[in-house]
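This report refers to the structure that appears directly beneath it.
The values are calculated or read from the model by the stated rules, or taken from the named source; none is laboratory data. Since the structure is predicted, the reported quantities are computational estimates derived from the model, not experimental observations. FYI the Cβ positions are ideal-geometry reconstructions off the backbone, even for glycines, and counts take in every protein chain you see. All accessible areas refer to the heavy atoms of the entire protein, side chains included, with ligands and DNA or RNA removed. Shrake-Rupley method; radii C 1.70, N 1.55, O 1.52, S 1.80 Å.
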Amino acid sequence: CVVSDTRVPPPHSTMKPGSPIPVNINNPGVRKAARFGVYRYNNSSNDLFLFKDSQINKAMVQIVRGLKYMLHVEIKRTVCEKRKHSSLDGCHFQRKKSLQQMLTCYFEVWITPWLHKVHVPVVHCH
């Protein structure tokens, strides 16, 4: 299961069903969604090196035919070259001052766990 700790507000809550709700940035589902956003960024960038999530600043989730994560994430350039690596797990952040780069990103990641589908329609990094 992608999300093991997403809490839905109780029925007496003032939140409307389907509204985005804040979710803990350490939630395993949030971390996995952030990684999907980073993979999408890496696939569309022309950078020689892979980027990796360094910090999740804010996370929201909305329950809509699955889970829609809205994430504010900082990503940094790693030492791994794109053409040589497919996984970010063993990639360390760039140590050379001249090659270091950090971007602030907003990702929207839609996860439909029962269909094993992930869609990342929004990736804005600057």
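So the values come out like this:
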{"item": "Dipole magnitude of the chain, debye to nearest 20 (Cβ charges: Lys/Arg +1, Asp/Glu -1, about Cα centre)", "result": "240"}
{"item": "Structure-derived Rg and Dmax of the Cα atoms in Å: which label, when the choices are [x] 15.7, 54; [y] 13.6, 45; [z] 14.6, 50", "result": "[x]"}
{"item": "Region 21-125 - percent of accessible surface contributed by carbon and sulfur, probe 1.4 Å", "result": "52"}
{"item": "Accessible area of the chain divided out per residue, in Å², using a probe of 1.4 angstrom", "result": "62"}
{"item": "Integer Hz, Karplus 6.51/-1.76/1.60 couplings in order for region 98-105, x for Gly and Pro", "result": "5, 9, 5, 8, 10, 10, 9, 10"}
{"item": "For the chain: lysine pairs under 21 Å (alpha-carbon distance), excluding those fewer than 8 apart on one chain", "result": "23"}
{"item": "Estimated FRET transfer efficiency (His72, Thr112; beta-carbon r; R0 22 Å; 0.05)", "result": "0.45"}
{"item": "Residue range of the chain that is longest and free of trypsin sites (Lys or Arg not before Pro) which are both DSSP loop and sparsely packed (at most 16 other C-beta within 10 Å)", "result": "8-64"}
{"item": "Whole-Hz couplings from phi, Karplus 6.51/-1.76/1.60, listed for region 36-49; x for Gly and Pro", "result": "4, x, 5, 4, 5, 4, 4, 5, 9, 8, 9, 5, 5, 9"}
{"item": "Candidates His72, His116, His85, ranked by Gaussian network fluctuation over the chain, Cα under 10 Å, top entry", "result": "His116"}
